[in-house]
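Participant: Just dropping this structure here.
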Amino acid sequence: MIEYHSLCRVCNSQSRFIMDGKLLDMKVDYFECPACGYVQTETPYWLDRAYAEAINSSDTGIMARNISNVNVVLATLMSMGCYDEKLIDYAGGYGFLVRLLRDAGIDALWYDRYCENLVARGFEYDTGGGGG
């Protein structure tokens, strides 16, 4: 096997190839930095394609992740004593987390410049700057 390297995006050390994997329908190389332990992909050439839609069709865990995140957010708010504070889900996607938090009694608002609010309509954060 040919060993090749990439510069670490965190500490600029030489990272070593560790594996390749499928991302979308492409083969992508992964590298690990021996200095700081950061794992990164090769230089991402797929970002335009990956972000062509706000939520990718390959994101099969979107609902489970949002349901799990509600508990994390609620626990964090409780531990910080901020349960009654306003919360903004910045980059809120379709609004699933905002809707779930509102269902739990949290004054949550949605904001996402790149995605349509499908399920938290009426609870958009007003940036005051004309679309933020």
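The values are calculated or read from the model by the stated rules, or taken from the named source; none is laboratory data. As the structure is a computational prediction, the values presented were derived from the model and not from experiment. Virtual Cβ from ideal backbone geometry, glycine too; neighbours counted across all protein chains shown. With ligands, DNA and RNA removed, areas are computed over all heavy atoms of the protein, side chains included. Shrake-Rupley method; radii C 1.70, N 1.55, O 1.52, S 1.80 Å.
Participant: Determine the order of Thr127, Thr41 by accessible area, beginning with the largest, at a probe radius of 1.4 Å.
Facilitator: Thr127, Thr41
Participant: Need one number: nm distance between label points at Val10 and Met63, each 7 Å from Cα along Cα→Cβ, rounded to one decimal.
Facilitator: About 3.5 nm, to one decimal.
Participant: Still on this structure: Given Cβ point charges of +1 (Lys, Arg) and -1 (Asp, Glu) and nothing else, what value in debye, to the nearest 20, does the dipole of the range 1-106 about its Cα centre take?
Facilitator: 140 debye
Participant: Can I ask one more? Taking chymotrypsin sites (Phe, Trp or Tyr not before Pro) as exposed when DSSP calls them loop (any state but H, G, I, E, B) and at most 16 other Cβ atoms lie within 10 Å, what is the longest stretch of the chain free of them, the sites themselves excluded?
Facilitator: Formally, the longest exposed-site-free interval is 5-37.
Participant: In whole percent, what relative contact order does the range 5-69 give with Cα contacts below 8 Å and a gap of six or more residues?
Facilitator: It rounds to 22 percent for the range 5-69.
Participant: Same structure again: Express as a percent, rounded to the nearest 5, the fraction of DSSP beta bridges in the range 26-132 (both residues included) that run antiparallel.
Facilitator: If we restrict to bridges inside the range 26-132, about 40 percent are antiparallel.
Participant: Give the Cα extents of the range 1-125 along the principal axes, in whole Å, largest first.
Facilitator: That gives 55, 33, 23 Å along the principal axes, largest extent first.
Participant: Right, here's the next one. Which GluC sites (Glu not before Pro) does the range 66-132 hold that lie in a coil by DSSP with at most 13 other beta carbons within 10 Å?
Facilitator: Loop-located and lightly packed - Glu85, Glu116.
Participant: Could you list the trypsin sites (Lys or Arg not before Pro) in the range 2-87 that lie in coil according to DSSP, counting only those with at most 12 other Cβ atoms within 10 Å of their Cβ?
Facilitator: Lys86
Participant: Another one. Rounded to the nearest 10 Å², what accessible area does Val10 show when all protein chains are kept and the probe is 1.4 Å?
Facilitator: Answer for Val10: close to 100 Å² accessible.
Participant: I'd like the orientation of helix 62-80 relative to the chain: the angle between its Cα long axis and the longest Cα principal axis, in ° from 0 to 90, rounded to 10.
Facilitator: Long axis of 62-80 versus the principal axis of the chain: about 70 degrees.
Participant: If I build a Gaussian network model for the chain, linking alpha-carbon pairs within less than 10 angstrom, which residue out of Ile18, Ile67, Ile55 has the largest mean-square fluctuation?
Facilitator: With Cα springs under 10 Å in the chain, the top fluctuation among Ile18, Ile67, Ile55 is at Ile18.
Participant: Counting only other residues whose beta carbon sits under 12 Å from that of Phe96, what net charge do I get with K and R as +1, D and E as -1?
Facilitator: Cβ neighbours under 12 Å give a net charge of -1.
Participant: Can you tell me the accessible area per residue over the range 1-130, all protein chains present, probe 1.4 angstrom, in square angstrom?
Facilitator: 67 Å²
Participant: Set the Förster radius R0 to 25 Å, insert the Cβ-Cβ distance between Lys22 and Ile55 as r into 1/(1 + (r/R0)^6), and round the FRET efficiency to 0.05.
Facilitator: 0.85
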